[in-house]
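What follows is a short report on a single structure.
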Amino acid sequence: MSRVGNKVINIESNVEVKVSEKSVTVKGPKGTLNCDFDHKAVSFKVDEGSVTVERLSEIKSVKSKHGLYRALVANMIEGVTRGFEKKLFMQGIGYRVQLKGNDLEFSLGYSHPIYFKAPEGIKFTVFGQDKFEVAGINKQLVGEVCAQIKKLRKRDAYKGKGIHFEGDVIRKKAGKSIKK
């Protein structure tokens, strides 16, 4: 029995949820999101102020999709009302970030600057020279953009250099020690 899939999703008054044959559309104050789903696995029931997800079979693959689609719709509703944001910071000598229009320009210790273009639906905010924020209404897109940015300069295990999420614990490996 799916514990996540059986939870009822509460809808705020300014959010509109529409279910068509193969997709769910959520419209709110921050924008509109659309998600396709497997119409043979689950069905959505929209009542006043709530959405419930019901599975159509007891097969293992359908049970796994039950919780997935419930979580996706809940994230869509939260995204169009509050939005999602992730804060990142850079650690390393000479590492800087600047906002150029809607895009980011990174100085990460390479011989050239690195430009990161903002995908549609993503907004960057820069705080100082080494801190910035990625914000948007689509949780999956925000996380994907953060992962792409972190790949620009991977973490150094010995010095702690790299791009990190705010609140990450930076663990450094011990270097080689000389035995006498």
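The values are calculated or read from the model by the stated rules, or taken from the named source; none is laboratory data. None of the values given here were measured: they were computed from a predicted structure. All Cβ positions, glycine included, derive from the backbone under ideal geometry; neighbour counts span all protein chains shown.
Results, tabulated for the structure shown:
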| read-out | value |
| --- | --- |
| Qualifying residue in the stretch 150-157 (condition: over 26 Å from His39 (Cα atoms), among the hydrophobic types (A, V, I, L, M, F, W, C) and in contact with an Asp or Glu (Cβ under 8 Å, 6 or more places away or on another chain)) | no |
| Filter pass, Gly49 being in contact with a Ser or Thr (Cβ under 9 Å, 6 or more places away or on another chain) and either surrounded by fewer than 14 Cβ atoms within 10 Å (Cβ to Cβ) or not assigned by TED's automatic domain parsing to the domain that holds Asp130 (or both) | yes |
| Condition check for Asn75: exposed (fewer than 15 other Cβ atoms within 10 Å of the Cβ) and closer than 24 Å to Pro119 by Cα | no |
| Residues of the stretch 136-158 satisfying the condition of being surrounded by 14 or more Cβ atoms within 10 Å (Cβ to Cβ), within 12 Å of Phe116 (Cα to Cα) and under 12 Å from the mean Cα position of the chain (by Cα) | Val145, Cys146 |
| Selected residue [in contact (Cβ under 8 Å) with a residue 24 or more places away in the chain, assigned to a loop (DSSP other than H, G, I, E, B) and either touching a Phe, Trp or Tyr at 6+ places or on another chain (Cβ under 6 Å) or among the aliphatic types (A, V, I, L, M) (or both)] from Ile163, Ile170 | Ile170 |
| Residue in the stretch 59-92 that is nearest to Gly31 (Cα to Cα), counting only those that are of a type in the set (Val, Ile, Thr) and in contact (Cβ under 8 Å) with a residue 40 or more places away in the chain | Val80 |
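One line per residue, one yes/no per condition, for (1) more than 19 Å from Asn6 (Cα to Cα); (2) in contact with a Lys or Arg (Cβ under 7 Å, 6 or more places away or on another chain):
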site: Val26; (1), (2): yes, no
site: Pro29; (1), (2): yes, no
site: Ser57; (1), (2): no, no
site: Lys63; (1), (2): no, yes
